[in-house]
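In what follows, a single structure is set out as structure tokens and then discussed.
The values are calculated or read from the model by the stated rules, or taken from the named source; none is laboratory data. For clarity, every value in this text was computed on a predicted model and none was experimentally measured. Quick reminder, even Gly has a Cβ in these numbers, built from the backbone with ideal geometry, and neighbours come from all protein chains shown.
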Amino acid sequence: MSDRKQPVLGVLGGGQLARMLAIAAAPLGIKTLAVDGASDACAGQVAPLVVAEWTDYAALEAFAGQVDAVTFDFENVPAETARRLVERVAVHPSPQALAIAQDRLAEKTLFRECGLPTPEFMAVDTREDLARALTTIGAPAILKTRRLGYDGKGQFRLKTVDDADAAWAALGEQAATLGLILEAFVPFERELSVIAVRGRDGDFRIWPLTQNWHVDGVLSMSLAPAPTISELQQRATALAKTLAERLDYVGVFALELFVKDGELLGNEMAPRVHNSGHWTIEGAHTSQFENHVRAVLGLPLGDTGARGVSTMFNWIGDLPDAAPVLRAIDGHWHDYGKQARPGRKVGHATLCAPDAKELATRLTELADALDRGEQAGPVVKALR
Ligand code: AMP
């Protein structure tokens, strides 16, 4: 009898996304090996962890020799690290796709080329550029770093053009290293995200659109399928497919969209599984994590249809009492095993129901028991 060799998925980054990828990979008989600079990275509680910095090329080469394919829990892995790995092992998504998604300017330019309108934007490298961009775009506007910004970090909101000095004081220093972009502030009706997956063979699937609510730039609640979206769903599917094909993308990605006057505007793309897709673990036939593992390792993709209607609470900073979620019908608790810290994503909970009416009832009860009425309020309203 020959020795059975189980496939091993390598993940760059050992946070909660790597942790949930490892959990999804296990039933498929796939092992996971994650790399992170921190020895207490939370994926290490469910999978072996290599502790190494992104520039520790010797450790990364040894890691590449132990895995069948490499993917990301963290998109800001340096391009040089990804390039070196590509020489040794399959890396999905490709470093080229990653490079575009790492840069807000390149990403928005690509959106427009693919037929997805965006908020007005201009690159800003100097204080004079900022003045010029404000003359063209006007206020309110948002100045953002082109690279390394996430969850509202590296952003400054300008209410009027008189805020230009304050914006430059906050971010000007980063113009030379990360680049800046000024975007028109969009008074959107709602925020949606597309979670989509493309296999190595080009098979493309999209989950039902998710509606999202952010607080201080960080995701607070998600609802899927987003209410009344049939026409938007068709448009979003076509756009996401065009983008995925343009990038020859393999794996799951998220597109964050604003809806303004019933039209879709592209905000950003995440080249990985995404916080707004966590509901798919219990709320879809195949989760984003399982389909990402399947895509990266060249396995057939699973059905992305929803089971009923689901909502997700994001736990930021620290966890509430788990008991009300554990008691709720079709309530699901996710503790990432991280230390509490302000602004940190430490867990989430998903609540599912057969239809919107029942979900509204269950959510009202659960939010009450958790004392999270304010957080859940917009979702309850959207369900009614
Ligand atoms: P981002 O890091 O670009 O995804 O921004 C985080 C959140 O800030 C978004 O989900 C929106 O809620 C808000 N935001 C970002 N850019 C804009 C914009 N141009 N107009 C209005 N709101 C925005």
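Tallying residues that are under 11 Å from the mean Cα position of the chain (by Cα) and more than 14 Å from the ligand (Cβ to nearest atom) within region 273-291 yields 4.
When T109, T126, T210 are checked against the criterion of being within 16 Å of the ligand (Cβ to nearest atom), of a type in the set (S, T, N, Q) and more than 18 Å from the chain's Cα centre (by Cα), T109 stands alone in meeting it. Scanning region 59-103 for residues that are among the charged types (D, E, K, R) and either within 19 Å of A254 (Cα to Cα) or in contact with a His (Cβ under 8 Å, 6 or more places away or on another chain) (or both) yields D73, E75, D103. Among the candidates A24, A43, the residue that is closer than 23 Å to A101 by Cβ, of a type in the set (G, A, S) and touching a residue at least 60 places away in the same chain (Cβ under 8 Å) is uniquely A24. When the helices (runs of 4 or more DSSP H) confined to region 275-384 are screened for residues that are among the aromatic types (F, W, Y) and out of contact with any strand residue (DSSP E or B) (no Cβ under 7 Å at 6 or more places or on another chain), those reaching at least 1 such residues are found at 288-296.
Quickly run through region 83-97 and pick out the residues that are without any contact (Cβ under 8 Å) to a residue 60 or more places away in the chain and in a loop (DSSP other than H, G, I, E, B). Hits for region 83-97 are E87, R88.
Against the numbered list (1) within 26 Å of E75 (Cβ to Cβ); (2) near the ligand (Cβ under 8 Å from one of its atoms), A176 comes up short only at (2). Meeting the requirement of 1 or more residues that are surrounded by fewer than 22 Cβ atoms within 10 Å (Cβ to Cβ) and either touching a Ser or Thr at 6+ places or on another chain (Cβ under 9 Å) or aromatic (F, W, Y) (or both), the strands (runs of 3 or more DSSP E) wholly within region 16-82 are 49-51.
Note on region 216-246: among residues that are modelled with pLDDT of 95 or more, within 16 Å of the ligand (Cβ to nearest atom) and of a type outside the set (G, A, S), the one that is surrounded by the most Cβ atoms within 10 Å (Cβ to Cβ) is L223. Kindly indicate whether any position in region 299-311 is in the same structural domain as K345 (by TED's automatic domain parsing), under 21 Å from E75 (Cα atoms) and out of contact with any Cys (no Cβ under 6 Å at 6 or more places or on another chain). No, that holds for no residue.
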